[in-house]
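The values are calculated or read from the model by the stated rules, or taken from the named source; none is laboratory data. Predicted, not measured: the structure shown is a model, and the values here were computed from it. Using ideal geometry, Cβ is built from the backbone for each residue, glycine included, and neighbour counts are taken over all protein chains shown. Calculation scope for accessible area: heavy atoms of the full protein, side chains included, ligands and nucleic acids excluded. Shrake-Rupley method; radii C 1.70, N 1.55, O 1.52, S 1.80 Å.
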Amino acid sequence: MKDAVRRAAALAIEHLESVERQPVRPKRDADSLRAALLLAPPARGCDVDELADRLASVMAATPVTISRRFFNQLFGGADPGAILGEMVVPVLNNSLYTFKVAGPHVLVEEALIRHMLPFAGFEGGDGAFTPGGSLSNFVAMLVARNEALPGTRERGLDGRVGVIYSSAEAHYSVRKAAGMLGMGRQNVRGVPVDARGGMRPDALAEAIRADRAEGRVPVMINATAGTTVRGAVDPIDAIADVAAAEGVWLHVDGAWGGSIVLSERHRGLLRGLHRADSFTWDAHKMMGVPLTCSVALFRKPDILRAHLSEVATYLFQADGDRLNPGTRSLQCGRRNDALKLWCGWQLHGDAGYARRIDALLDLARYAAEAVDADPELVLAEAPQTANVCFEVPGRSSAAICERLYDEGLAMVGTGEVCGRNTIRLVCVNPDQTTEDIDALLAAVKAVAASLPAEDDAA
Ligand SMILES: *Cc1c(COP(=O)(O)O)cnc(C)c1O
């Protein structure tokens, strides 16, 4: 066993070293990987030496998301504190449903949630770790649905139609959750956005009035703090006015931008958050914790147990509900996602995370200015958070991104802004510097020059 752990550590170190030598691996297609890697589980097992070799060959073909040339998603980089914590989780192997089997890890979660709540302005509220922002949004919508349509938890939906209001640029998990909760994807309104991608409070109020006039029940307003493509922040305070006037649950999806509450300089972007009822906050995005690590926070104390608890005499036998998080979680057996965040927070402290957020947003501003100053590039809009969307006029953004990956120069993706398909550069790795931005923009231009011109590249 100890040999296996030592080998895992050695492979992890080799991976880190290979990142320095070789920034982003060129794309490998699935068929060539299937042919090259021995993927089918064998009838007879191998020894640890052989296993480590097979694992190394899979790792060698793995896209390098911790590279400084990776701008493709809303996560990136490698955080030493969080990785230290994560690496001991499987040998501890606690399930976070009871104090009996998880012991201090229940208290680690409790301490983190208690520490995170005031950043949202939810002092003394409730919260839970979930396997990602999609599930944090799901649990918030579940609670909102049960509160707006009483009796649903026990008897199911009874013909009343509940409606969710989300901006046209909100994350797809909102629509998915409506489908999963039996509310119907068609009952999610895509409220129009303003020129900066923020939900329009006037259009929201109008949509709510129209639904009420037809007998439908407004269940939840979902404001987004950091939209997935543009990084736009909905005007939470103005939306909270509508929510208060209409008596509708207000959820803030901060899966991407929620961590900005850690920064004194920038938390004003989420002004009005304390008036919300629930808040999704992914630690595996801007805080750099390895996937997955997300929390759903609630303003009202002890609200989750009312909507999620079940009796299980074989499981919940001692210590009381408060110390048994299984009585208020989506899952039964549940992996420890809190320890890595706790370790990260020990290493960085509130101050270190604030500096991290400031640095990411500063880097995005630098990138936007560099794009704007470059006659060969067109900036789609000034960044509101850490997303920078731009184009090379006359060239396909998708083709540029594909070529960058094919050649192993960078990983970056596209996103639509005001009907144009742009290159979406995400600043989420604090190891990246202005030099990395300069290198990416130079690579984009070089690749674009080698591609055929298009009339209207969008
Ligand atoms: C990433 C994201 C989600 C989904 O979060 P996961 O952790 O990937 O499930 C939800 N909403 C927004 C705004 C996001 O950016």
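For the chain, give the share of DSSP beta bridges that are antiparallel, in percent and rounded to the nearest 5; count only bridges with both residues there. Don't jump to the answer; show the numbers that get you there.
Working: 23 of 42 bridges.
In the chain, DSSP labels about 55 percent of beta bridges as antiparallel.
Mind checking the full-extension length gain between ALA318 and ASP241? Use 0.36 nm per residue of separation minus the Cα-Cα distance, one decimal, nm.
Working: separation 77, 0.36 × 77 = 27.72 nm, distance 4.37 nm.
Length difference between fully extended and current span is 23.3 nm.
At a Förster radius of 56 Å, what calculated FRET efficiency corresponds to the Cβ-Cβ distance of ARG44 and ASP455, to the nearest 0.05? Walk me through the numbers on the way to the answer.
Values: r = 60 Å, r/R0 = 1.06.
Rounded to the nearest 0.05, the efficiency is 0.40.
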MET87 accessible area, assembled protein chains, probe 1.4 Å, Å²: 100
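Looking at the chain, do any whole DSSP H helices span at least 27 angstrom along their long axis by alpha carbon and average -1.0 or above on Kyte-Doolittle, and which? Write out the running numbers ahead of the final one.
Values: long enough: 2-21 (29 Å, -0.30); 338-373 (43 Å, 0.08).
Once both thresholds are applied, what remains is 2-21, 338-373.
Using helices alone, I'd like the mean residue ellipticity at 222 nm for the chain: each DSSP H run of four-plus residues gives -39500 (n - 2.57), total over residue count, nearest 500.
Details: 15 runs with 194 residues, N = 458.
Helix-only estimate at 222 nm: -13500 deg cm²/dmol.
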Cα centroid of region 196-252 to Cα centroid of region 277-318, whole Å: 24
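Estimate the FRET efficiency between ASP372 and ALA195 by the formula 1/(1 + (r/R0)^6), using the beta-carbon distance for r and 22 Å for R0, to the nearest 0.05.
Calculated value: 0.80.
Calculate, for VAL101 and GLN73, the FRET efficiency according to 1/(1 + (r/R0)^6) with r their C-beta to C-beta distance and R0 35 Å; round to the nearest 0.05. Intermediate values should be presented prior to the final figure.
Working: r = 34 Å, r/R0 = 0.96.
Here the calculated transfer efficiency is 0.55.
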³J(HN,Hα) computed for each position of region 192-197 - Karplus, 6.51 cos²θ - 1.76 cosθ + 1.60, integer Hz, glycine/proline x: x, 10, 7, 4, 9, x
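What is the percent carbon and sulfur in the accessible area of region 184-324, measuring with a 1.4 Å probe over the protein chains and ignoring ligands? Intermediate values should be presented prior to the final figure.
On the way: 2790 of 5490 Å².
So the carbon and sulfur contribution to the accessible surface is 51 percent.
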Shape of region 65-105, Cα gyration tensor, a/c cut at 1.5: prolate
Surface accessible to a 1.4 Å probe, THR414 within the full protein complex, Å²: 60
Listed peptides 254-264, 314-324, 126-136 by packing density, highest first (mean Cβ within 10 Å): 254-264, 126-136, 314-324
Top positive-direction residue, dipole computed over region 1-160 with Cβ charges, set THR62, GLY132, PRO80: THR62
Average accessible surface area per residue within the chain, 1.4 Å rolling probe, Å²: 45
Positive minus negative residues near VAL311 (Lys, Arg vs Asp, Glu; Cβ under 15 Å): 0
Built amide H within the under 5 Å cut-off of VAL163, gap 5+: VAL217, VAL219, MET220
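Rank-order 326-332, 301-307, 169-175, 232-238 by packing density, defined as the average count of other C-beta atoms within 10 Å over each peptide's residues, highest first. Spell out each step's value before the answer.
Working: 326-332: 18.4, 301-307: 16.0, 169-175: 21.0, 232-238: 23.6.
So the peptides 326-332, 301-307, 169-175, 232-238, ranked by packing, come out 232-238, 169-175, 326-332, 301-307.
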Set of lysines near LYS340 by C-alpha distance (under 29 Å), chain-local residues within fewer than 8 positions excluded: LYS2, LYS100, LYS176, LYS285, LYS300
